[in-house]
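The values are calculated or read from the model by the stated rules, or taken from the named source; none is laboratory data. The structure presented is a predicted model; accordingly, all values stated were derived computationally and were not measured. Every residue, glycine as well, gets a Cβ built from its backbone with ideal geometry; the counts of neighbours run over all protein chains shown. In case anyone asks, the SASA skips ligands and DNA or RNA and just uses the protein heavy atoms, side chains included. Shrake-Rupley method; radii C 1.70, N 1.55, O 1.52, S 1.80 Å.
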Amino acid sequence: AESFSGPLALKLSVDPPGNLRAIVLAVTFLKDPLRPYPRWIGNIAATLTKFPPPNFLSRMLLLGWSSHAGEAAVVRSTIAKTSSTVLSARIQAALNVDATQEFQSCQIPLFVLNAGHDRLIGSKARN
């Protein structure tokens, strides 16, 4: 389960289907990935989904400063093709999720892959 799917996979582990043998969590979060930033930052981000992010913001938050302008343009284009309602709902869902209890009580083997330099999901959100 990658990104937003991580909390969903953990919630599934509470009453797993019989054929579920393990869960792989890849670059995901258990609770609000914007912690320790103030909650209003997420609310502003949800409001700003009506506009594709400027290239510098994509590079700062998603791609890294060493990325090329073309990569930032692809991110901008992809976000522009996604409904602002969907983007806003996903941000709000991420700000309100908490799957720590499911993680702590999970009886299914877990394999967790974390990114070493993730710009969006900080290490505190994975803990």
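List of remarks:
- Separation in nanometres of the label points that stand 7 Å from Cα toward Cβ, at residue 107 and residue 83: 3.8
- Taking amide H atoms as placed 1.01 Å from N in the peptide plane, the amide H of residue 99 lies under 5 Å from those of 31, each 5 or more residues away in sequence or on another chain.
- Two-site label geometry, residue 20 and residue 98: point separation in nm, points 7 Å out along Cα→Cβ: 2.1
- In loop segments of segment 45-106 as defined by DSSP, the chymotrypsin sites (Phe, Trp or Tyr not before Pro) with at most 13 further C-beta atoms inside 10 Å of their C-beta are 65.
- Amide H contacts of residue 27: 113, 114, 115, each under 5 Å away and 5 or more positions distant or on a separate chain (H built 1.01 Å from N in the peptide plane; Pro and chain starts excluded).
- Per-residue Karplus couplings for segment 99-105, computed as 6.51 cos²θ - 1.76 cosθ + 1.60 with θ equal to phi - 60°, are listed in order as 10, 5, 5, 5, 4, 5, 9 Hz, Gly and Pro entered as x.
- Per-atom-type breakdown for segment 63-105 gives carbon and sulfur 56% of the accessible area (1.4 Å probe, protein chains only).
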